[in-house]
Amino acid sequence: MLPSIEVAVKIANALYVSLNYLAGNTDQLLEKNIVKNISDIQQLPQDDKAHLLALMDAFLRDHKAKKAYAHYKQKPHHCGSCL
């Protein structure tokens, strides 16, 4: 017997996971505070939301670039054009 949706919501909340994660529909565990922040962002005026998303995009882009560069520095390669 499956639990009611209300019981499933309580279980998900107690475990700090989404209902999709609890049901096995995703393997991506979303942190509850991040989901709350996303909900708060959606309530902002459009201009404020655009500014915040631009900042987030820039930060994520820089983080990915640093990660890629760190990986690149660790692997020696011999392509000829880098000499």
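The values are calculated or read from the model by the stated rules, or taken from the named source; none is laboratory data. Source: prediction; values computed, not measured. A quick note on method: Cβ atoms are made from the backbone with ideal geometry, for glycine too, and the neighbour counts reach across all protein chains shown. Surface areas here come from the heavy atoms of the whole protein model, side chains and all, with no ligands, DNA or RNA. Shrake-Rupley method; radii C 1.70, N 1.55, O 1.52, S 1.80 Å.
Just a few scattered comments:
- Verdict on Ala58 being among the small types (Gly, Ala, Ser), surrounded by 10 or more Cβ atoms within 10 Å (Cβ to Cβ), out of contact with any strand residue (DSSP E or B) (no Cβ under 6 Å at 6 or more places or on another chain) and in a helix (DSSP H, G or I): yes
- Residues that are touching a residue at least 12 places away in the same chain (Cβ under 8 Å), open to solvent by less than 70 Å² (accessible area, probe 1.4 Å) and not in a helix (DSSP H, G or I), drawn from the stretch 7-32: Val17, Ser18
- Taken over the stretch 33-47, the criterion of being among the polar types (S, T, N, Q) and surrounded by 10 or more Cβ atoms within 10 Å (Cβ to Cβ) is satisfied by Asn37 alone.
- Of the set (1) at pLDDT 85 or above; (2) under 18 Å from the mean Cα position of the chain (by Cα), all apply to Leu29 but (1).
- Residue check for Ala50: open to solvent by less than 100 Å² (accessible area, probe 1.4 Å) and free of Cβ contacts under 8 Å to residues at least 12 places away in the same chain: yes
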